[in-house]
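Here the structure is laid out as structure tokens; the discussion comes afterwards.
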Amino acid sequence: MGQTLRVTVNGEGRSDEVEPRLLLVHYLRETCGLTGTHVGCDTSQCGACTVLLDGAAVKSCNMLALQADGAEITTIEGLAPEGGLHPLQTAFWENHGLQCGYCTPGFIMAAAALLAENHDPSDEEIGRGLEGNLCRCTGYVNIRKAVKAAAQAMREGAAAPIGG
Amino acid sequence: MAVTQLIGARVQRREDPRLITGHGRFIEDHTLPGLTHLAVVRSPHPHALILGIDTTAARALPGVLAVLTAADFHKVLSGSMPVTPAFAPEKKYVPERFPIAEREVCFQGEPVAVVVANDRYLAADAADLVHVTYEPLPAVVDPEGAMSPGSPLVHTDGPDNIGWDMTYAGGDIDAAFSRAEVVVKERIIQQRLAPTAMETRGVMASYSPYSEDLSLWLSSQNPHFIRLFVSGAMGIPESRVRVVSPDVGGGFGSKISPYPEDYLVPAASKLLGRPVRWIETRTESVMTTIHGRGQVFTAEAAALRDGTLLGLRLTQVLDLGAYHGTFGAFQACACLMSGGVYRWEAISARTVGVLTNKVPTDPYRGAGRPEGTHLCERMVDRMADELGMDPAELRRKNFAREFPFVNNFGLTYDSGNYDGTLDRALELSDYQGWRQRQAAAREEGKLVGIGLSTWVEICGFGPSAATAGATGGIALVESAQIRFLPSGSVAAYVGTHAHGQGHDTTFSQLVAETLGVPLEAVDLRHGDTAEGPAFGYGTYGSRSLSVGGMALYTASQEILAKARKLAAHLLEASPDDLEFTAGAFTVRGNPQAKKTIQEVALASYGGNLPAGMEQGLEAVSHFDPPNFVWPFGAHVCVVEVDRETGAVEILSYTGVDDCGNVINPMIVEGQVQGGIAQSIAQALFEEVVYDGASGQLVTGTMLDYLVPTMNELPTPKLDRTVTPSPTNALGVKGIGEAGTIAASAAVINAVCEALRPLGIHHVDMPASPDRLWRLMQEAGR
Amino acid sequence: MIPAAFQYSKAGSVREAVAQLREAGPEAKVIAGGQSLIPLLRLRLSQPSHLVDVNGVRELDYVHPEGDLLRVGAMTRHSTLVRSELVQRHLPLLAEMAAQVGDPQIRARGTLGGVFAHADAAGDYPTLAVMLDATIVTDRRRVAARDFFQHLFTTALAEDELVCEVVFPMAPGPHRYIKFRRRLYDWAIVGAAVQKMDSGWRVGLTHVGPTAVRAAAVESRLQAGATFPEAAGAAADGLEPPSDVRASADYRRHLAQVLTRRALEQAA
């Protein structure tokens, strides 16, 4: 029953036979071995599974893998060049934007999409941009701070371009 | 301990590089060759008899390896899941609990069968094909109703539904009330909450029939306890069970107690001879992972007209769920802490644990202390309202000021400065300014309220004398092991297990500072029972630093003692003549005569040792704290309630806390921010709802269980005062639960004050718009 | 959670989609953005035999002004509606609503047509369609919005019928949508939409019944010169809202009035 999925993941072209019901998140985690993308709910509320699909943030547990056919996907592992850090990653680190770290890849990917469109988001715009992601540890204070810091770093040109 | 180079520094977290790049290793990221996947068939009924289980269709599905029921598991599991005695109540009924139901299901989601398949998707399909025939029984939903003699039974073979019923007497309560000039009464509900760690639970097990040993990976706050429980139930020597808890995506208390799956997955591995993994779905999690709170309090407080508090009489009805949570009775500490930061003549607190046909309740961030604080702070506000006093003044009038302070139940608060945190909080929040703005807003008909919460917590569990009896024999002390390797690098093991608290960083700071080695030289390890001391006690109850950190500290001191002897031998001096600073021993008066601790470490593995000294430089230490620790603080919340819709907007939130000395202020602030958010979530958003008639869970997904997003939460203004604990050498207390203990009372006090002009005295949680609208409607009639 | 197995085919055109639906039989379903459908699949509340994926039907991704009408293709995603200058110019209320659907990730995938076919009582666009007398164009016919939404999750669509386009009247005038909810990204507990047209105010309500409601009594009071508060007082007339864990029916009736008044005041 498998159908062919052709997709580019973190710059690497792939072709895999997948079952139609395979969720994109399971394709990324189990077929591609990219376990940085997490599953936190069944109903698309938590955003832990957020990846970039042709540059837009999407919830990979709320898509069939086959729906990504032909697309370019960026996961947290592919956001920065191997061994380097994206300004968002640096900012989350410097601003204590994470505690347990489970929601963090989803937040960083959603924030990457936000900053690609809005280089200087206000507090409210950050809230709207990240409304689809839940964090249980931080109270969000340092996540907001980290996104602002990353935006500033990227504006100041110290930054690599957004992945994906 | 003074702030030195590393202690007190905002060191960036060492655990972050892997977590921000997607290289954390959570339970679902673990696999094994030949891994099989387990799915659980769960009862859709809150209460029913199992008449039959037809597994034919499920077994027939290609790729399904087994369908197992209670009869199968009895071959490899024995005994009842553990329940700590906690205290010796006047009455106690503890139903037996096997990890999988056999004859009767007593809560919705209770396991009835499991399916093991080659593929996770197939396992889910097969679980749907297991056909269970039930005879539904009446569901007991309301704990207060469950106490009445005519109530249906939660367990058909139980004597009644009363898990325990006991009264803590702290002074002569009748005498206190007999002098009362003012008495206020209230009924205060603590709704059930779902802890909702972002990572759900998960278990992977591999049993080897050849070496007869078991490896178990699971998302846990205390792997050593799981090893103890599972080895016992499976009859495997504890030394042949290895439990690894890898990166844990949050716990908040929900990953302390053992769960049915913690037994069923390894048992299935033993039955099948294959590695088995089960990952909880969110829907399973809301239904079957422990809930927190779930208590109804009735309380009355007595005072003199001048505001002198006299007595507090209360009853806590605690919704246990269908079985006692392993540490569920701990939540009765709400009673012991109900007096808060105040001097009372007497407190009498009755606690009744009541069984219901719901998932068990167990400790959830704060566990009893948020409930005690909320109750106390609400009653003090009710009293202030009744007396027409400013709530800050009433608090001040009754603060405990002499430390150590012994409360009505004989608990000794180590140190405190309640005026200090309150003063700073009032200043930082601009309390007086808000009072003026509130008056102006009320003139315009706006509903603005200011709420205070002056809180204290008992944490740092705990002294062996107090905890060994409560847990059934194992004192909640903590262990640590530190070893220098010949190259001078330091491996430090601790029995706590961080799951977001940043111990890799703070504990490394502590060890590096104490031993005088660079931070990079220290490797902090935890979460694997195969390494480090024999037993660890886990991370919960804001205990890790004040107990586990102290164990590291005392192990460091042992290392230094031995190193001093060896250094003296190497320098041909007397140990008493050596000074240890900045990681090196020098001979007093001769700074050229110097050995760094890393040089001493290398020498310790050599041949030139003092007579009688063994090779190596390592130490295992257990720290048994002489007392609990008692952090405290003052929070101020300002809200406006929309008179038309009942929506609450937080206009300002301020928290000033005191957790003694601080190792890493950045992490302390993060803990407080997160704790406040979780408590605001209780005050305004979250509630697990069961249908009152059917007992069916209504808020079964994250769509209906309202964990707030960034947009619903304020950015609190924070500050600290520092009042060290006199009971440990580091002078530290705990901070993990502080925000959660403090905030709900501040928010609800503010909401109640906002609604006071309408004649509303009390609001239960969550203070949702529809609830407030209904109250306003009733008040207007 | 894991969806039950299904067959899957991709359609590249409306004709292909309809042919595939017809061939797959009555248990087949269309998947567009899938943002409401996939959670239902995962919870196994929906177990279709076959999914026809219409994401490749590019011909349905458009916003076309035509005379005094705005034609919006069914495969237009929420994020496109938010950004579309044509929508901003000709029917800004649609953009305002689109910006409040779900969250950015949902908006990147979810489609206008999906919202219509799914017919959730809390859906936002149906309110706009009903209050503005929009027309739903399918592969075979045109259906007035008021006839399209029949009940909760129930539309006039046949099993093999595909929503292709929604035709709205242009309405650049004063407007406002207030979506009352506990969390920013939640579905509406109640929503109130108002739009000033040349002919007068149009008023619609979300999640106060099994389908979107046009608040005709409010409109006629406004027509008769009533003040906003007076007019909004009629917003609950004839409503039979649901009672659920979020809100009681009484509270929804109350909100309908408050939000309608506020929307009128803010729009004007």
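The values are calculated or read from the model by the stated rules, or taken from the named source; none is laboratory data. Just so we're clear, the structure is a prediction, and the values are computed from it rather than from any experiment. Positions of Cβ are backbone-derived with ideal geometry, glycine not excepted, and every protein chain shown enters the neighbour counts.
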### Task
Take A:Val51 and decide whether it is crowded, with 23+ Cβ neighbours inside 10 Å, within 22 Å of A:Glu117 (Cα to Cα) and without any contact (Cβ under 8 Å) to a residue 40 or more places away in the chain.
no
#### Entry: strands (runs of 3 or more DSSP E) wholly inside region C:49-158 containing at least 2 residues that are within 14 Å of chain A (Cβ to nearest Cβ), buried (at least 21 other Cβ atoms within 10 Å of the Cβ) and touching a strand residue (DSSP E or B) at 6+ places or on another chain (Cβ under 8 Å)
C:50-53
### Message
For the structure I just gave you, tell me whether B:Tyr168 is touching a residue at least 12 places away in the same chain (Cβ under 8 Å) and among the aromatic types (Phe, Trp, Tyr).
### Response
yes
### Query
Of the numbered conditions (1) crowded, with 23+ Cβ neighbours inside 10 Å; (2) touching a strand residue (DSSP E or B) at 6+ places or on another chain (Cβ under 6 Å); (3) within 9 Å of chain A (Cβ to nearest Cβ), C:Leu21 satisfies every one except a single condition; which is it?
(3)
### Query
Of all the helices (runs of 4 or more DSSP H) wholly in region B:385-474, which have at least 1 residues that are at pLDDT 95 or above and of a type in the set (Gly, Ala, Ser)?
B:391-398, B:418-429, B:431-443
### Message
Checking the condition under 20 Å from the mean Cα position of the chain (by Cα), buried (at least 24 other Cβ atoms within 10 Å of the Cβ) and at negative phi, which residue from B:Ser479, B:Ser464 passes?
### Response
B:Ser479
### Message
Every residue in region B:242-254 that is more than 14 Å from chain A (Cβ to nearest Cβ) and crowded, with 24+ Cβ neighbours inside 10 Å, please.
### Response
B:Val243
### Query
Among C:Leu239, C:Leu222, C:Leu184, which is the only one that is surrounded by fewer than 24 Cβ atoms within 10 Å (Cβ to Cβ) and at pLDDT below 95?
C:Leu184
### Message
Would you confirm, using the coordinates I've provided, whether B:Val747 is touching a Cys at 6+ places or on another chain (Cβ under 6 Å), within 14 Å of chain A (Cβ to nearest Cβ) and buried (at least 19 other Cβ atoms within 10 Å of the Cβ)?
### Response
yes
### Message
Return the residues of region B:600-628 that are more than 26 Å from B:Ser725 (Cα to Cα) and either crowded, with 19+ Cβ neighbours inside 10 Å or in contact with a helix residue (DSSP H, G or I) (Cβ under 8 Å, 6 or more places away or on another chain) (or both); say none if nothing qualifies.
### Response
B:Val600, B:Ala601, B:Ala603, B:Ser604, B:Asn608, B:Leu609, B:Pro610, B:Met613, B:Gln615, B:Gly616, B:Leu617, B:Glu618
## Note on the structure
Given the conditions (1) in contact (Cβ under 8 Å) with a residue 60 or more places away in the chain; (2) touching a Phe, Trp or Tyr at 6+ places or on another chain (Cβ under 8 Å), every one holds for B:Met710 apart from (1)
## Note on the structure
Filtering region B:484-496 for residues that are in a loop (DSSP other than H, G, I, E, B) and out of contact with any helix residue (DSSP H, G or I) (no Cβ under 6 Å at 6 or more places or on another chain) leaves a count of 3
### Query
within 14 Å of B:Val629 (Cα to Cα), crowded, with 17+ Cβ neighbours inside 10 Å and in contact with a helix residue (DSSP H, G or I) (Cβ under 9 Å, 6 or more places away or on another chain) - does that describe any residue in region B:409-422?
yes
### Query
Do you know which of the residues in region A:1-60 that are small (Gly, Ala, Ser), more than 10 Å from chain B (Cβ to nearest Cβ) and assigned to a loop (DSSP other than H, G, I, E, B) is farthest from C:Ile106 (Cα to Cα)?
A:Gly2
### Complete set of residues in region C:221-268 that are of a type in the set (Lys, Arg) and touching a Leu at 6+ places or on another chain (Cβ under 7 Å)
C:Arg253
### Query
What strands (runs of 3 or more DSSP E), lying completely within region B:590-674, carry at least 1 residues that are under 30 Å from B:Ala738 (Cβ atoms), away from chain A (no Cβ under 14 Å) and at pLDDT 95 or above?
B:617-623, B:632-641, B:648-658
### Query
Which one is surrounded by the most Cβ atoms within 10 Å (Cβ to Cβ), of the residues in region B:683-735 that are in contact with a Cys (Cβ under 8 Å, 6 or more places away or on another chain) and of a type in the set (D, E, K, R)?
B:Lys733
### Query
Exactly one of (1) under 30 Å from B:Ala329 (Cα atoms); (2) surrounded by fewer than 24 Cβ atoms within 10 Å (Cβ to Cβ); (3) of a type outside the set (Ser, Thr, Tyr) is unmet by B:Val456. Its number?
(2)
